[in-house]
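Computed from the coordinates by the stated procedures, all read-outs in this text should not be read as laboratory data. Quantities reported herein were computed from a predicted structural model and do not represent experimental measurements. Neighbour counts are summed over all protein chains in view; Cβ atoms, including those assigned to glycine, are modelled from backbone coordinates with ideal geometry.
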Amino acid sequence: MEKDVRQFLKTAAWLFMRHGQKARAMNVCAALYEDDPSDPASSVAYADLLLWNGKPAKALEAVTAAFPGESLSHAAAVLETRALAALGRTAAARSCWRRHVESMKGSSRRWM
């Protein structure tokens, strides 16, 4: 899919979500994810919609496909934590969130 088309579809999905048409946004995000699972923006949007639809396993798959390494963006960390918690994997959810918080503050800084 060309870059212009992808950007148009991302904008359309955002507008659908903004106006409460989550089913339409889900269809667009699913197409974007299918075309390029490594695209962070469309994968995060798709994972959020999957969580909304009660499909945490698929949401976790979408987040890990876009962010295969240890470092997650804030949105991806939130979504991964939510997906793990929804799957009943509370220890893994806590670990994911702690890892994200530690990566944000760095080893040389303290929160308090």
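Does the range 34-87 classify as rounded, prolate or oblate by the C-alpha gyration tensor (a ≥ b ≥ c root eigenvalues; a/c under 1.5 gives rounded; else a/b over b/c gives prolate, otherwise oblate)?
oblate
Could you tell me the number of lysine pairs in the chain with C-alpha atoms less than 30 Å from each other, where the two lysines are 8 or more residues apart or belong to different chains?
Lysine pairs meeting the criterion: 9.
On the Cα set of the range 3-105, report Rg and Dmax in Å, please.
13.6, 41
As an exercise, use a Förster radius of 35 Å and the Cβ-Cβ distance of R98 and H19 to find the FRET efficiency, rounded to the nearest 0.05.
Between R98 and H19 the formula returns 0.45.
If we count other beta carbons within 10 Å of each Cβ, what is the order of D36, D48, D4, fewest first?
Ascending Cβ contact count within 10 Å gives the list D4, D36, D48.
Ranked by Cβ crowding within 10 angstrom, fewest neighbours first, how are W97, W14 ordered?
Ranking W97, W14 by Cβ neighbours within 10 Å, fewest first, gives W14, W97.
Given points 7 Å out from each Cα along the Cα-Cβ axis, report the W52 to A86 separation in nanometres with one decimal.
Output for this residue pair reads 1.1 nm.
Relative to the longest principal Cα axis of the chain, at what angle does helix 3-18 sit, 0 to 90 degrees, rounded to 10?
80
Could you compute the net charge surrounding D35? Neighbours are other residues with a C-beta less than 14 Å from the C-beta of D35; K and R count +1, D and E count -1.
-2
Measuring from centroid to centroid over Cα atoms, what is the spacing of the range 9-32 and the range 39-71 in Å?
With the range 9-32 and the range 39-71 each reduced to a Cα centre, they are spaced 15 Å.
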